[in-house]
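Asker: I am attaching a structure below and will ask some questions about it afterwards.
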Amino acid sequence: MPQSPSLPKYLQDDDISQECSDLLPSLQCEQGWLGASLHLYQGFWVGPRHLKGVLACQRHFRAQDTDILLVTTPKSGTTWLKAILFTLLNRTKYSGSGSQLQHPLLSQNPHDLVPFLELNLYIEQDVPDLASLPPPRLFATHLAYQSLPQSVRDSKCKLVYLCRNPKDTCVSLWHFTNKLRPKDRGENSLQEALDRFCRGVSLFGPYWDHVLGYHKVSSETPEKALFLKYEDMKEDPRASLKRLAGFLECPFSEDELRDGTVDDILRLCSFDSLSGLEVNMSGKLASGEENKAFFRRGEVGDWVNYLSVDMAERIDRVVEEKLHGSGLRL
Ligand code: A3P
């Protein structure tokens, strides 16, 4: 059915593929955080527009051994880590006294520099031409481990996984989706958001299944997947960045450690630096989200300003129960 042209692109679902339309009626459906439907596909909740991207990406994406995939639960700091990864991998190109090039992060949002497979590349085109991109190719995804294209699991490509405390993730998602909801749909109450989160109904959730899937892979094959937490990155960003560089086999040289390269990267990618750039204060992504929606407070423990004791205990109870026996604490 044709939709109102005023609906932002990220909510439009009238050009989904035939395969997707055929599949949707068989999937469990719930109302999602943006007021549109969410569908349970392979155990995870996605919107109809995302499903199109997920199916195309699962079918057509061919991972290369040199690929790097950033995987996150939504609102766990994806924007930050996209910026860091891009800067880390391109550090010789854009930094140093010899470089005449202006750093792309100064004029582009991190989501434009590191596209999502299923949310951008495979929605915009069924089979985007990615084979000609120079290695290492850097992509992002919110897909759960079991839903990754087979070639990602079979190849030697590396996964960098980022998650965040569930209470901060839930509060951040609540703020973000309220900003993205069309005005005539009103806002979700925090109680509604919390109910959904605790039932596992969040974008690419259940949150705990997503996290547990990658925690297991990283424990069993640490050379394949690096498991990072937003809180650890905030607490010791230098150590996290050095660990990341080591995992990606591009460690900092002695010279770089001496000449402040680590701090330069962290400064450029910091919340204050990125959120203060013109492009991030006034620009929009091709999919319609305002860039500024990805920058709110960027702090650890902000949930305490929103969740009552009862609400916090409810999330803690659910997550503790689900994580029980995994050795993972969030
Ligand atoms: P808050 O809503 O708690 O402020 P994602 O990028 O996965 O969508 O996550 C968004 C969250 O990361 C938001 O959290 C946002 O403010 C925070 N964030 C964005 N850029 C950041 C940065 N450079 N450093 C730290 N946090 C950042």
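The values are calculated or read from the model by the stated rules, or taken from the named source; none is laboratory data. Keep in mind that what you see is a predicted model, and the values were worked out from it rather than measured. All Cβ positions, even for glycine, are placed from backbone atoms using ideal geometry, and neighbour counts span all protein chains on display. The area values use the complete protein model at the heavy-atom level, side chains included, leaving out ligands, DNA and RNA. Shrake-Rupley method; radii C 1.70, N 1.55, O 1.52, S 1.80 Å.
Asker: Calculate, in nm to one decimal, what Glu278 and Gln191 gain on full extension: separation in residues at 0.36 nm each, minus their alpha carbon distance.
Answerer: Between Glu278 and Gln191, full extension yields an extra 27.9 nm.
Asker: Now for a different question. Express in nm, to one decimal, how much length is gained between Ser6 and Glu320 on full extension, taking 0.36 nm for each residue of separation and deducting their alpha carbon distance.
Answerer: Values: separation 314, 0.36 × 314 = 113.04 nm, distance 4.19 nm.
Length gained, Ser6 through Glu320: 108.9 nm.
Asker: With the crude spin-label approximation of a point 7 Å out along Cα→Cβ, what separation in nm comes out for Lys216 versus Asp310?
Answerer: 3.5 nm
Asker: How much of the accessible area of segment 63-323, in percent, comes from carbon and sulfur atoms when a 1.4 Å probe is used?
Answerer: Reported share for carbon and sulfur atoms: 50 percent.
Asker: Does segment 128-271 classify as rounded, prolate or oblate by the C-alpha gyration tensor (a ≥ b ≥ c root eigenvalues; a/c under 1.5 gives rounded; else a/b over b/c gives prolate, otherwise oblate)?
Answerer: Prolate is the answer for segment 128-271, as a/c is 1.5 or above and a/b outweighs b/c.
Asker: Same structure again: Antiparallel versus total DSSP beta bridges in the chain: what percent is that, nearest 5?
Answerer: In the chain, approximately 30 percent of DSSP beta bridges are antiparallel ones.
Asker: What FRET efficiency do you get for Ser270 and Asp22 if R0 is 45 Å and r is their Cβ-Cβ distance, rounded to the nearest 0.05? Working shown, then result.
Answerer: On the way: r = 46 Å, r/R0 = 1.02.
That gives a FRET efficiency of 0.45.
Asker: Additional query: For segment 272-277, in order, what is each residue's ³J(HN,Hα) by Karplus, 6.51 cos²θ - 1.76 cosθ + 1.60 with θ = phi - 60°, in whole Hz (x at glycine and Pro)?
Answerer: Values, residue by residue: 4, 5, 5, 5, x, 6 Hz.
Asker: Separate question: Going toward the positive end of the dipole of segment 63-323, with +1 on Lys and Arg Cβ and -1 on Asp and Glu Cβ, which of Gly77, Ala193, Ile315 do you reach last?
Answerer: Ala193
Asker: Using a 7 Å offset from the Cα along the Cα-to-Cβ direction at both Arg258 and Leu106, what is the distance between the two label points in nm, to one decimal?
Answerer: Rounded to a tenth, the inter-label distance reads 2.7 nm.
Asker: For the chain, count the residues as N, evaluate 2.2 N^0.38 Å, and divide the Cα radius of gyration by that value, please.
Answerer: Here the Cα radius of gyration is 0.97 times the empirical estimate.
Asker: Under the rule a/c < 1.5 gives rounded, and otherwise a/b versus b/c splits prolate from oblate, where does segment 188-330 land using the Cα gyration tensor?
Answerer: Taking the square roots of the gyration eigenvalues as a ≥ b ≥ c, segment 188-330 is oblate.
Asker: Now for a separate question. Taking only protein heavy atoms into account and a 1.4 Å probe, give the accessible area per residue of segment 63-323 in Å².
Answerer: Result: 45 Å² per residue.
Asker: Subtracting the Cα-Cα distance from 0.36 nm times the residue separation, let me have the gained length for Val300 to Arg243 in nm, one decimal.
Answerer: Separation in residues times 0.36 nm, less the Cα-Cα distance, equals 18.5 nm.
Asker: A follow-up question, please. Which sequence of Leu89, Leu70 reflects their accessible areas, 1.4 Å probe, from the largest down?
Answerer: Order by accessible area, largest first: Leu89, Leu70.
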